[in-house]
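For reference, the structure discussed in these notes is given below.
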Amino acid sequence: MDTFKRLKDFYWPYKKYFYWSILTLILVSAITVVYPMVLQFTIDEIIIKGEYSFVPYVAIGFIMLMGIKGAATYCHQYFGDLFGISSVFQLRESLYEKLQFLPFSYYDNAKTGDLMSRLTADVEGFRFFLSFGFSQLINFVLIIAFSLSVMFFYSVPLAIITLCMMPFLVIVVYKFDKEVHPAFRGIRKSMANLNTKVQENISGINTVKSLSREDFEIGKFDTSNEDYKSQFLNTSHIWARYFPVMELIGNLSVVLLLAYGGYLVIKGDLTAGELVAFFSLVWYIMGPIMNLGFVMNTFSQSKASGERLLEILDEPLEMEGEDREMDLVHLDGEVTFENVTHRYKNEKKDALKDISFTVKQGHTIGLIGATGSGKTSITQLLSRFYSPESGRILIDGKPLEKYSLRTLRKNIGTVLQESFLFSSTIRDNISYGNPYADMDDIVDAAKRAQAHDFIMELPDGYDTVLGERGLGLSGGQKQRISIARALLIDPAILILDDATSAVDMETEFKIQRALKEVMDDRTTFIIAHRISSLKHADEILVLDEGKVFERGTHEELIQKESGNYRRIYDIQYQDRNKVFQNNGQGV
């Protein structure tokens, strides 16, 4: 029950619904054990004695009991569902909120399909037990308590025999739960893996089709589907082993009670009506005990689901800034790295090694190097997506840890190489970081990013609704909208992570010309593979295996004939020169 104790904050605020559900359940259970008593009265006092004049009164009383029980059952189920639904509403909200604030390091290893499974199937599994399982357990206790009370009233010996059989059933149910809980946890994990396979396939369907790998993807899905099937069959085998045993114990109890009860009737120690009522009560007890396996099944599922949900809730959040008074101030943008070393979780080597540099306010620094050399790592540390293993990063002379994350990220505009757009209007996508911006500012940002012209050619202009992940736009168009989005927040620090990689050279030239004006009064980091994107930077860092291999201005670096920068420049020079000459520019 530790899982339920730890999740108590989500369901206990709605305990009034739970209490109402239990109160009405008590009424339902009490009326249920009245049925055998009515049956006993009918047999002994009406049928055997021939007092048939009582039949209408008994019938009317029985119908009234049925009506009361029906109303109580309705209230019990309504308040039970209200309790479960209200509880998981808050739980789902908290899980989603937690996912928004978990650090990048968590998502490095998390799988989308698994997270979706936790927020849907696992939350629903937990809700089902809150709405149904809790009340079934309490109903189990109430029915047995009420039934045994009436049974002892009718016949103490028969009641004792019934009690002697119950421990055997309880032991079987306990062993069943010990085996079925791990099995259901395996089902949950297998379902998450299946969801991940489907999500990855749908997200990468263009790649699958372009490489004709449909059969390979079907094979991967078949493997995951087979594992899911095996997990379910394993659970079915557990059910198949234990439920016949439960039924056997229950039926043996009935046989013993029938034999001894018949003997008592013959001796005259028990009436026929009392024996019939007693047997009805026995089934009221045996039914819930055998059904306890199903209740324990739902309990095991909900416990497995709760454990998976707690794994998210227990994840540590991003470390906030120490000085809350620094919240939402506008920074100047001077950046300093002092002997910064960083290694990603589960990686064997450092991504950055002893990096040191300073970028003055309003200056531009270029980062170039081979894939995996550490360019993006520098900007991710600057935004505190990760924290360095050693060294310090300062903005305006203060360590990053002094600023709240909200302040830091509101002052840093980032354009990633892979542009992500939401399924919304172009206007909403551009204003995502500044939702209160007026239309003039949105248009101005789009013009600076060279996006305004193609936006106006769309059927609804800025009100055009984009498909999932910007479906319907080219890679270059999505990048330009992303640049406009970053410019609209008016950041003190601008990070362009290969931001023009998806546009043609002519468009890149136009964007660069527009960005020069934007970059004049803000600190800018440019990550690029094209020399033309960063040759105007105040300083360029050439990275290799996490270290600064070369540094200097464009003119200084191309003078080093054996340097990496010069080698890249020589490779790109001829093709780039042709494009710039066509625009009336030199290189």
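The values are calculated or read from the model by the stated rules, or taken from the named source; none is laboratory data. None of the values given here were measured: they were computed from a predicted structure. Backbone-built Cβ (ideal geometry, glycine too); neighbour counts: all protein chains shown.
The table below lists the values:
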| read-out | value |
| --- | --- |
| Count of residues meeting criterion [more than 29 Å from the chain's Cα centre (by Cα) and either over 27 Å from Gly333 (Cβ atoms) or of a type in the set (Val, Ile, Thr) (or both)] in the range 476-488 | 3 |
| Count - residues of the range 174-196 that are more than 18 Å from Leu233 (Cβ to Cβ) and either surrounded by fewer than 17 Cβ atoms within 10 Å (Cβ to Cβ) or outside the structural domain of Trp239 (by TED's automatic domain parsing) (or both) | 3 |
| Selected residue (only one of Thr414, Thr425 is of a type in the set (Val, Ile, Thr) and touching an Asp or Glu at 6+ places or on another chain (Cβ under 6 Å)) | Thr425 |
| Filter pass, Leu557 being part of a helix (DSSP H, G or I), among the hydrophobic types (A, V, I, L, M, F, W, C) and at pLDDT 70 or above | yes |
| Residue within the range 377-389 that is exposed (fewer than 15 other Cβ atoms within 10 Å of the Cβ), within 26 Å of Glu334 (Cβ to Cβ) and touching a strand residue (DSSP E or B) at 6+ places or on another chain (Cβ under 6 Å) present | yes |
| Boolean, Gly413 is within 30 Å of Gly204 (Cβ to Cβ) and surrounded by fewer than 23 Cβ atoms within 10 Å (Cβ to Cβ) | no |
| Unique residue being modelled with pLDDT under 90 and surrounded by 20 or more Cβ atoms within 10 Å (Cβ to Cβ) when the list is Ala514, Ala486 | Ala486 |
| Selection count, the range 92-114, where residues are in contact (Cβ under 8 Å) with a residue 60 or more places away in the chain and not β-branched (Val, Ile, Thr) | 15 |
| Residue match in the range 301-324 (condition: outside the structural domain of Lys111 (by TED's automatic domain parsing), at pLDDT 80 or above, touching a His at 6+ places or on another chain (Cβ under 7 Å) and surrounded by 14 or more Cβ atoms within 10 Å (Cβ to Cβ)) | no |
| Top-ranked residue in the range 52-80 [being surrounded by 12 or more Cβ atoms within 10 Å (Cβ to Cβ) and over 21 Å from Thr32 (Cβ atoms); ranked as nearest to the chain's Cα centre (by Cα)] | Val55 |
| Residue, farthest from Ser236 (Cα to Cα), within the range 140-173, restricted to residues that are without any contact (Cβ under 8 Å) to a residue 40 or more places away in the chain and under 37 Å from the mean Cα position of the chain (by Cα) | Val141 |
| Among the candidates Ser117, Ser135, Ser86, residue that is small (Gly, Ala, Ser), at pLDDT 90 or above and surrounded by 16 or more Cβ atoms within 10 Å (Cβ to Cβ) | Ser86 |
| Boolean, Lys402 is in contact with a Pro (Cβ under 8 Å, 6 or more places away or on another chain), at negative phi and in contact (Cβ under 8 Å) with a residue 24 or more places away in the chain | no |
| Meets criteria (crowded, with 21+ Cβ neighbours inside 10 Å, within 22 Å of Ile26 (Cα to Cα) and out of contact with any Leu (no Cβ under 8 Å at 6 or more places or on another chain)) for Gly125 | no |
| Residue match in the range 451-466 (condition: touching a residue at least 40 places away in the same chain (Cβ under 8 Å) and surrounded by fewer than 16 Cβ atoms within 10 Å (Cβ to Cβ)) | yes |
| Qualifying residue in the range 258-268 (condition: touching a residue at least 24 places away in the same chain (Cβ under 8 Å), touching a helix residue (DSSP H, G or I) at 6+ places or on another chain (Cβ under 9 Å) and not in a helix (DSSP H, G or I)) | no |
| So Val208, is it assigned to a helix (DSSP H, G or I) and touching a residue at least 24 places away in the same chain (Cβ under 8 Å) | no |
